[in-house]
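The values are calculated or read from the model by the stated rules, or taken from the named source; none is laboratory data. Not measured: the values here are computed from a predicted model. Note: ideal-geometry Cβ built from the backbone for every residue, glycine included; neighbour counts use all protein chains shown.
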Amino acid sequence: MESAHIAQILDEMGTILEIQGENPFRCRAYHNAAQVLSSLPADLSEMIADGTLADVPGIGETMHAKIVQLATTGHLPAYDKLRKAMPSGILALLKVPGLGPKKIKALRDALKIESLADLREAAQSGAIARQKGFGAKTEANILEGLAFLEKSGGRILLNEALLLVTPIFEAVRQHARVIRAEICGSLRRRTETIGDLDILFSAEDPAPILKDFVGLPQVAKVLAHGTTKASVLLPGFKSDQYVQCDLRGVEDRQFPFALHYFTGSKAHNIAIRRRALARGLSLNEYALTGNGSEVACRTEADLFEALGLPEIPAELREDAGEIEAAEKGTLPHLVTVRDLTGTFHCHSDWSDGEATLEQMADGARSAGLAYLGIADHSRSLRMAGGLTIEQVRDQWTRIDALNEKFGRGFRLFKGTECDILADGTLDYPDEVLEGFDYVVASVHSHFRMSREEMTARMIRAVSNPRVTMLGHPTGRLLLVRDSYAVDLDAVIEAAARAGTMIEINANPHRLDLDAVHCRRARQKGVRIVINPDAHSVSGLQDLTYGVSVARRAWLSPADLLNTAPLEKVARQLQQVRTRRGTARAGRDR
DNA sequence: GCCGTTTTCGGCCCGACTGTTTTCAGTCG
């Protein structure tokens, strides 16, 4: 069984134990282990085999045994027992805003509520309001929460979150009484999907700003409105979808502590607070205190310094080794969008793109890029306008002519996004493939084959010396479609052996490779490329989301192909094609 | 269930807001 699946089971065990009223710290141990498992530095089976799993903080003797049992047999009696005691409908109750483990346990014990349907019925009949500890308001909130659940699509994409939050954030930031403001939460950490939007500001008196916030025209409903914090619902992008937005106000001297606190992640915060305690200090969202006096900090960097650490970039704050690396002084110099010199996986109107080759080139130049790779679809992908061999040759001629015109300042590279056929071979014959500057190989068909078949298919493709880089490795569409079944670690391993690069597809619907596997790929020595998969000039802007993934994967400019100057990139593409002295990414840090 | 530069036992992050309470429990982040 894979680590992601095991993490899900441990998380669920923690939740069931919570509803059963188990010791909260024991429950947390399960949630914590799940979180640790989902961002392991290496393949789980490897870590079991070489014993390193036992050294991972948060995984003790008991948890280790459970994980090993799940990984090797796929079963865990303790889990089966918990599941038997807890109908699956009960877990769904946790999604209702305002309902937590305690209330769910109380409702189950008193009214036998075991599903969303039971809950609705009890609330509508007025039975809940009559329970001790519950009242009319709680019952109304439950009914409203049920309606919200039906409407809300849950999480949203990173680009959608930025679009939603920006006008609100600007309104807060430019408020006359606001001193400082920042976007916090998972959005500041740039996670691939976002649950809610968090904004923090400082002011002498937060109340008037909160009052203006809940009165903004975008606000569909006010969930809470106090003197230092307010929560509202904003209309999302799907009809009847709502997204929660929280605003917090603090005094300016509290700002760095609150900024750190509300940026999270929760796991990172807990680890940092433990570190503070170990040094005789106490950290909360307002202050760092020691011996009864506050340690003054002007910025987040000051806060980290007070704990003996360099500033940890927000994207790394997952308690996935960043505190240890900061301590040792081995934090990476993370790549930024300004480090990118060009990009490779882009489409033109020769296949399913909107823009001409010239328009794409102009767009790239005005974005400050020194080169652009055109990788239109290959011949099998008819519905996306895949190019025949004749069209490929015509396109090469056209690109050569354009490059003449551009001179030395800019270059279009001749590429292809070539389909990986069902058997792992490529969609053009070798003599055609050899004419491209580079080949992006992608799966676009036969998604439903077995894990073994898909893995063999993709290993064959990345091992093909004519393949420069693997495109969107899992085929997932965030919030829409899961990855196809594939042993990604085995594919990464094969790519490392063959010297084949892997892309971070920066399209916000994909973000594929994900940060966790990207970090592992780099550690295996795979060179990474950030590609926008642009189908228009504006699609080039998606590169920024790819940079977010790269940063979350601890990548430095040296780990990427498309941070090098044009001449070096051209040389490296040539080297990959001939597989001579393939440049490897940096060593483990 | 995890963990140890006071500890192998006894801690485990902590404050705002809400609702149901007359002093606090539950939820949330």
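General remarks:
- Every listed requirement among (1) assigned to a helix (DSSP H, G or I); (2) closer than 22 Å to A:R577 by Cβ is met by A:D419 save one, (1).
- Checking each residue in the stretch A:488-528 for being under 16 Å from A:A441 (Cβ atoms) and acidic (D, E) picks out A:E503, A:D512.
- Number of the exception - A:V232 against (1) surrounded by 15 or more Cβ atoms within 10 Å (Cβ to Cβ); (2) over 22 Å from the mean Cα position of the chain (by Cα); (3) over 15 Å from A:F304 (Cβ atoms); (4) near DNA strand B (Cβ under 10 Å from one of its atoms): (4)
- Condition check for A:L210: more than 13 Å from DNA strand B (Cβ to nearest atom), over 22 Å from the mean Cα position of the chain (by Cα) and either in the same structural domain as A:R298 (by TED's automatic domain parsing) or at pLDDT 90 or above (or both): no
- Restricting the stretch A:121-133 to residues that are surrounded by 16 or more Cβ atoms within 10 Å (Cβ to Cβ) and closer than 20 Å to A:L91 by Cα, the residue that is nearest to DNA strand B (Cβ to nearest atom) is A:I128.
- Every listed requirement among (1) more than 30 Å from A:N562 (Cβ to Cβ); (2) away from DNA strand B (no atom under 16 Å from the Cβ) is met by A:G292 save one, (2).
- Residue ID - nearest to DNA strand B (Cβ to nearest atom), chosen from residues in the stretch A:264-288 that are within 28 Å of the chain's Cα centre (by Cα) and among the charged types (D, E, K, R): A:R273
- Residues in the stretch A:63-113 that are β-branched (V, I, T) and out of contact with any Gly (no Cβ under 7 Å at 6 or more places or on another chain) were compared, and the one that is farthest from A:A127 (Cα to Cα) is A:T72.
- Pick from the stretch A:295-309, criterion not in a helix (DSSP H, G or I) and not hydroxyl-bearing (S, T, Y), ranking: nearest to the chain's Cα centre (by Cα): A:L309
- Residues located in the stretch A:366-387, provided they are surrounded by fewer than 19 Cβ atoms within 10 Å (Cβ to Cβ) and outside any loop (DSSP other than H, G, I, E, B): A:S366, A:R382, A:M383, A:A384
- Qualifying residue in the stretch A:242-264 (condition: modelled with pLDDT under 90 and of a type in the set (K, R)): no
- Of the residues making up the stretch A:95-119, those that are more than 19 Å from A:G14 (Cβ to Cβ), among the aliphatic types (A, V, I, L, M) and in a loop (DSSP other than H, G, I, E, B) number 1.
- Considering (1) crowded, with 19+ Cβ neighbours inside 10 Å; (2) under 33 Å from the mean Cα position of the chain (by Cα), the lone condition that A:I179 does not fulfil carries the number (1).
- Being surrounded by fewer than 20 Cβ atoms within 10 Å (Cβ to Cβ), among the charged types (D, E, K, R), in contact with an Asp or Glu (Cβ under 7 Å, 6 or more places away or on another chain) and free of Cβ contacts under 8 Å to residues at least 24 places away in the same chain is not true of A:E390.
One line per residue, one yes/no per condition, for (1) of a type outside the set (S, T, Y); (2) at pLDDT 95 or above; (3) more than 26 Å from A:I312 (Cβ to Cβ); (4) surrounded by fewer than 24 Cβ atoms within 10 Å (Cβ to Cβ):
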{"residue": "A:T468", "(1), (2), (3), (4)": "no, yes, yes, no"}
{"residue": "A:R476", "(1), (2), (3), (4)": "yes, no, yes, yes"}
{"residue": "A:V480", "(1), (2), (3), (4)": "yes, no, yes, yes"}
{"residue": "A:V526", "(1), (2), (3), (4)": "yes, yes, no, no"}
{"residue": "A:N562", "(1), (2), (3), (4)": "yes, yes, no, no"}
{"residue": "A:L566", "(1), (2), (3), (4)": "yes, yes, yes, yes"}
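- Among the candidates A:I374, A:I399, residue that is in contact (Cβ under 8 Å) with a residue 24 or more places away in the chain and more than 28 Å from the chain's Cα centre (by Cα): A:I399
- Of the listed requirements (1) within 16 Å of DNA strand B (Cβ to nearest atom); (2) in a loop (DSSP other than H, G, I, E, B); (3) surrounded by 16 or more Cβ atoms within 10 Å (Cβ to Cβ); (4) not basic (K, R), A:V172 misses just one: (2).
- All conditions but one from (1) at pLDDT 95 or above; (2) closer than 28 Å to A:N159 by Cα; (3) in contact with a Gly (Cβ under 9 Å, 6 or more places away or on another chain) apply to A:C518; the one that does not is (3).
- Complete set of residues in the stretch A:49-94 that are near DNA strand B (Cβ under 9 Å from one of its atoms), in contact (Cβ under 8 Å) with a residue 40 or more places away in the chain and in a loop (DSSP other than H, G, I, E, B): A:L94
- Scan the stretch A:134-158 for residues that are within 9 Å of DNA strand B (Cβ to nearest atom), surrounded by fewer than 16 Cβ atoms within 10 Å (Cβ to Cβ) and outside any helix (DSSP H, G or I) and the total you get is 1.
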